Structures are given as structure tokens and as C-alpha cells.
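Participant: I'd like to ask some things about the structure below.
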Amino acid sequence: MQDLRETYLARISGAADQAALEEVRLAALGKKGEISLKMRELGKMSPEERQTVGKALNELKDELDTALRARKVAMEDAALDERLKAEWLDVTLPARHRMRGTIHPVSHVTEECTAIFADMGFAVAEGPQIETDWYNFDALNIAPEHPARQEHDTFFMHRAEGDNRPPHVLRTHTSPVQIRAMQDQGAPIRVIAPGRVYRMDMDQTHAPMFHQIEGMAIDKDISMANLKWVLEEFFTAYFGTKVKTRFRASHFPFTEPSAEVDIQCSWVNGQLRVGEGDGWLEVLGSGMMHPKVLRAGGIDPDQWQGFAFGMGIDRMAMLKYGIPDLRAFFESDLRWLRHYGFGALEAPTVHAG
Ligand code: PHE
């Protein structure tokens, strides 16, 4: 018994790892382990013998068991120490720089405008950027000889010789979405349509691609007064201050009467301030929808009437965030994007008027 004890205690302290230790445990105390087999032999012994040998065997079993556990804990502690040494890191080091993108001002302002109009019950409608000339022009009562159709303003899609499909254009405004929304939803309807538009134009305040937001409300008793209220509510919410508007009589083929809308502003030391002073800045075109346009959208102009407006999104971004040059919007200059861009979590909020 003394031999057994010494052999196993030596093997326990000599075990190199947990697997070796488990082997020792099985060899001594497992079902077919040496100690277990000895226990089984107790039955053949005389009662006196059994008492002394049984007691000694049990003590040996307990002693080995304790030694096994202690060794296991020691091994686990050593392993942990090893890991702590290997995986040590200095949390006081400065963080590694990670590049973070920004939300483009056009996207941000589109979200802002959408939130404000949504608050007034306008849903969002969409249409394709490549339009047939019918949606972009004819349905909007723009006659074939209208100057806007001429090559110098409109990008026409190339047509191969003998291709007789109707001409397609890059839409020159978001107004074709008026027609599509009427066809899709009928009346009454209240929608806005933000999106990209294209014109052959390029200088400090014009780019060949820019963004508009179309607005349209059709019901039985819609008037210019509703248009004026909606726009004033919008400007006040957007700029976060009461903004006076000025409606100037104008002309669009798709509205009658038509008005261009200016907002109140002032120039202070070369800085534009919206909502104060006695200057005016043109920001959108609008009017009561022409009966022919309602009809093109499948709506009876004897029963329904509506207003529509179209506003430049890029212009609205420049005004609110003091961005001087429109062309920079589309140059993807990282320094510009970092400076004028918005954080992903800066969600647009609707200001109280
Ligand atoms: N579509 C016009 C433009 O691009 C704006 C407009 C829209 C005017 C709706 C009146 C009504 O200039």
C-alpha cells in the first residue's frame, strides 16, 4: 500500500498536463484503476482483515483524490498566468485612428425636408431618372417647341439609327413624378418627390446634375392659400426661425397661376442670413396645377384641384449650412466631405415653429 501511495503521488506531481493527470486518475481511481480493483478484493477477506485494509484503502483513495484536485487547480492557475502574460495589453495606449465617413449634405437635407413634409402629411413618391419625353414634357403641358426641350438644356439618350422607341431624356426636373404619382394613387393625394435631375448647365451655382424636391397636393378645395401656408410652415421649420415669403407672378406650362417664391434674407459682412432683413432670395417655383396636367395624370380637373412646387435641395443646403460653391457638392473631395458632412447619428429633427 505504501508503494502504491508513493508511485501515484509521484505520478501526480510529475504529470505534465491535464491529459496526463487524467490518465493517472484513471489508472488509480477509475473503474478499472488499481485502487478500485483492490477495493473489490475486500470481499474475499476475513472481517478483521477487511477492517484494517478497508480503512487504509479508503484513506489512500482520499489522499490521492485530494492530491489530484490540488494538482489540477495548480495547472489551471499556471495556465491562466501564462495567458495573462501572453495577452497583456496596454489600455493606456492611444486608440488606432479609424477612417469614418460622413453623410453628404444633400442626403442630410433631403432627410430634413422629408421629415418636415411628413409631419404635414406628405408621403414620398419616386420616379425614374431616365424618363420618356412624354412624362418629362408632354404630360406637363410643355409643347414640343418649348425652349426647355432643346438640346442645350436637356440630355437626350442616344438612339441608334432605326430605333423608333419614344425619346428618353435624363429628367430635367422632378415634376414628371407628379404624373406618375397621380397615375399610381389617384386623388386625393399629398406627396413630395425628392431626387436627382439633369440639365446642361455649369457655373458656380449650377451643376449638370442637381437635386430637387417636388411637392403636390390634390383635393376638392385646395387653393394658393394652402400652398402659401405649407411653404411658410416648411421654411420656418427648416431654418428654425420665422421666414417671410414673397410670391411673384411667374410662368410655368404646368401651373396656372404660377408663382416663384422668394424667402426673406439679408447680407451681413458677406454672410447670408435667412429670415431677417429686407433682401429676397428665389428658392422655388410653384402654382396651381394646370387642368391638362391633372388630366394627363388621369384626374378629372372639374372635380379636383391641386398645387405643386419644385425646390432645389442643393440650394437649400447651401443656404442653411453656409456652403458657398455648388460644384464642390459633386467633386467628392474628402476634405470638403469631412467639413460639410454630417455624423451618421445626427438624425434630422423637426423644429417647433
Ligand atoms: N419644375 C419646375 C422647375 O424645375 C419647378 C416647378 C415645379 C414649378 C412645380 C411649378 C410647379 O423649374
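Participant: Those residues that are among the basic types (Lys, Arg), in a loop (DSSP other than H, G, I, E, B) and free of Cβ contacts under 8 Å to residues at least 24 places away in the same chain, I need them from the stretch 130-180; list them, please. I'd like the intermediate steps shown before the answer.
Facilitator: Narrowing the stretch 130-180 to residues among the basic types (Lys, Arg): 149, 159, 165, 171, 180.
This time we only want the ones that are in a loop (DSSP other than H, G, I, E, B), so: 159, 165, 171.
Once the filter is applied, which keeps residues that are among the basic types (Lys, Arg), in a loop (DSSP other than H, G, I, E, B) and free of Cβ contacts under 8 Å to residues at least 24 places away in the same chain, the stretch 130-180 yields Arg159, Arg165.
Participant: List, please: which pairs have Cβ atoms under 7 Å, are six or more places apart or on different chains, and start with a residue in the stretch 298-316 that is outside the structural domain of Tyr238 (by TED's automatic domain parsing) and end with one that is assigned to a helix (DSSP H, G or I) and among the aromatic types (Phe, Trp, Tyr)?
Facilitator: none
Participant: Would you say Lys55 is touching a Leu at 6+ places or on another chain (Cβ under 9 Å), assigned by TED's automatic domain parsing to the domain that holds Ala79 and either in a helix (DSSP H, G or I) or among the hydroxyl-bearing types (Ser, Thr, Tyr) (or both)? Steps first, please.
Facilitator: Numbers: touching a Leu at 6+ places or on another chain (Cβ under 9 Å): no; assigned by TED's automatic domain parsing to the domain that holds Ala79: yes; either in a helix (DSSP H, G or I) or among the hydroxyl-bearing types (Ser, Thr, Tyr) (or both): yes.
Against the criterion (touching a Leu at 6+ places or on another chain (Cβ under 9 Å), assigned by TED's automatic domain parsing to the domain that holds Ala79 and either in a helix (DSSP H, G or I) or among the hydroxyl-bearing types (Ser, Thr, Tyr) (or both)), Lys55 does not qualify.
Participant: Does at least one position in the stretch 255-263 carry a residue that is free of Cβ contacts under 8 Å to residues at least 24 places away in the same chain, away from the ligand (no atom under 16 Å from the Cβ) and either under 25 Å from Ala115 (Cβ atoms) or not small (Gly, Ala, Ser) (or both)?
Facilitator: Of the residues in the stretch 255-263, the ones free of Cβ contacts under 8 Å to residues at least 24 places away in the same chain are 262.
Filter once more, keeping what is away from the ligand (no atom under 16 Å from the Cβ): none.
Looking through the stretch 255-263, none of the residues is free of Cβ contacts under 8 Å to residues at least 24 places away in the same chain, away from the ligand (no atom under 16 Å from the Cβ) and either under 25 Å from Ala115 (Cβ atoms) or not small (Gly, Ala, Ser) (or both).
Participant: Can you name every residue in the stretch 267-290 that is more than 16 Å from the ligand (Cβ to nearest atom) and among the charged types (D, E, K, R)? Walk me through how you get there before you give the answer.
Facilitator: The first filter runs over the stretch 267-290 and keeps only residues more than 16 Å from the ligand (Cβ to nearest atom), leaving 267-280.
If the condition is that a residue be more than 16 Å from the ligand (Cβ to nearest atom) and among the charged types (D, E, K, R), then Arg273, Glu276, Asp278 are the ones that fit.
Participant: I'm checking my understanding of the structure. Among residues of the stretch 316-353 that are modelled with pLDDT of 90 or more and among the basic types (Lys, Arg), which one is surrounded by the most Cβ atoms within 10 Å (Cβ to Cβ)?
Facilitator: My answer is Lys320.
Participant: Now, a different point. Among the residues of the stretch 254-272, write down those that are of a type outside the set (A, V, I, L, M), at pLDDT below 95 and surrounded by fewer than 17 Cβ atoms within 10 Å (Cβ to Cβ). Please lay out each step first, then the result.
Facilitator: Taking the stretch 254-272 first, the residues of a type outside the set (A, V, I, L, M) are 254-258, 260, 262, 264-267, 269-271.
Okay, now just the ones that are also at pLDDT below 95, so 262, 264-267, 269-271.
Within the stretch 254-272, Ser266, Trp267, Asn269, Gly270, Gln271 meet the criteria.
Conditions (1) touching a helix residue (DSSP H, G or I) at 6+ places or on another chain (Cβ under 8 Å); (2) of a type outside the set (Val, Ile, Thr); (3) in the same structural domain as Ile130 (by TED's automatic domain parsing); (4) under 30 Å from Phe330 (Cβ atoms), marked per residue:
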| position | (1), (2), (3), (4) |
| --- | --- |
| Pro167 | yes, yes, yes, yes |
| Arg180 | yes, yes, yes, yes |
| Pro188 | no, yes, yes, no |
| Gly195 | yes, yes, yes, yes |
| Met200 | no, yes, yes, yes |
| Ala217 | yes, yes, yes, no |
| Thr236 | no, no, yes, yes |
| Thr241 | no, no, yes, yes |
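Participant: Okay, next question. Out of the residues in the stretch 176-185 that are of a type outside the set (Lys, Arg) and either more than 12 Å from Asp138 (Cβ to Cβ) or under 26 Å from the mean Cα position of the chain (by Cα) (or both), which is surrounded by the most Cβ atoms within 10 Å (Cβ to Cβ)?
Facilitator: Restricting attention to the stretch 176-185, the residues satisfying the condition of being of a type outside the set (Lys, Arg) are 176-179, 181-185.
Now drop any that are not either more than 12 Å from Asp138 (Cβ to Cβ) or under 26 Å from the mean Cα position of the chain (by Cα) (or both), which leaves 177-178, 181-185.
Details: Val177: 27, Gln178: 31, Ala181: 24, Met182: 26, Gln183: 14, Asp184: 14, Gln185: 16.
Here the residue is Gln178.
Participant: Pull up the stretch 223-246, narrow it to residues that are aromatic (Phe, Trp, Tyr) and touching a residue at least 24 places away in the same chain (Cβ under 8 Å), then point me to the one that is nearest to the ligand (Cβ to nearest atom). Give the steps one after another, and end with the answer.
Facilitator: Filtering the stretch 223-246 down to residues aromatic (Phe, Trp, Tyr) leaves 229, 234-235, 238-239.
Subsequent filtering for residues that are touching a residue at least 24 places away in the same chain (Cβ under 8 Å) retains 234-235, 238-239.
Details: Phe234: 14, Phe235: 16, Tyr238: 18, Phe239: 21 Å.
In this case the residue turns out to be Phe234.
Participant: Of all residues in the stretch 291-312, which are within 12 Å of the ligand (Cβ to nearest atom) and out of contact with any Leu (no Cβ under 8 Å at 6 or more places or on another chain)?
Facilitator: In the first step, residues of the stretch 291-312 are kept if they are within 12 Å of the ligand (Cβ to nearest atom); the result is 293, 306-312.
Once the filter is applied, which keeps residues that are within 12 Å of the ligand (Cβ to nearest atom) and out of contact with any Leu (no Cβ under 8 Å at 6 or more places or on another chain), the stretch 291-312 yields only Ala308.
Participant: Check the stretch 98-120 and report whether any residue there is within 15 Å of the ligand (Cβ to nearest atom) and either in a helix (DSSP H, G or I) or closer than 23 Å to Met316 by Cβ (or both).
Facilitator: Residues of the stretch 98-120 that are within 15 Å of the ligand (Cβ to nearest atom), as a first pass: 113, 117.
Among the residues that remain, those that are also either in a helix (DSSP H, G or I) or closer than 23 Å to Met316 by Cβ (or both) are: 113, 117.
Within the stretch 98-120, one or more residues are within 15 Å of the ligand (Cβ to nearest atom) and either in a helix (DSSP H, G or I) or closer than 23 Å to Met316 by Cβ (or both).
Participant: In the stretch 143-169, what residues are of a type in the set (A, V, I, L, M) and either away from the ligand (no atom under 16 Å from the Cβ) or crowded, with 20+ Cβ neighbours inside 10 Å (or both)?
Facilitator: Looking only at the stretch 143-169, we keep the residues that are of a type in the set (A, V, I, L, M), and these are 143, 148, 157, 160, 169.
If the condition is that a residue be of a type in the set (A, V, I, L, M) and either away from the ligand (no atom under 16 Å from the Cβ) or crowded, with 20+ Cβ neighbours inside 10 Å (or both), then Met157, Ala160, Val169 are the ones that fit.
Participant: Quick check: anything in the stretch 278-292 over 27 Å from Val191 (Cα atoms), surrounded by 13 or more Cβ atoms within 10 Å (Cβ to Cβ) and of a type in the set (S, T, N, Q)?
Facilitator: First, the residues of the stretch 278-292 that are over 27 Å from Val191 (Cα atoms): 278-280.
Imposing the further condition that a residue be surrounded by 13 or more Cβ atoms within 10 Å (Cβ to Cβ) reduces the set to 279-280.
This time we only want the ones that are of a type in the set (S, T, N, Q), so: none.
No, the stretch 278-292 has no match at all.
Participant: Moving on. For Ala344, only one of the following conditions fails: (1) in contact (Cβ under 8 Å) with a residue 40 or more places away in the chain; (2) part of a strand (DSSP E or B). What is its number?
Facilitator: Ala344 satisfies every listed condition except (2).
The values are calculated or read from the model by the stated rules, or taken from the named source; none is laboratory data. Keep in mind that this is a model prediction, so the values were computed, not measured. Because the Cβ atoms are built from the backbone with ideal geometry, glycine has one as well, and the counts that use them run over all protein chains shown.
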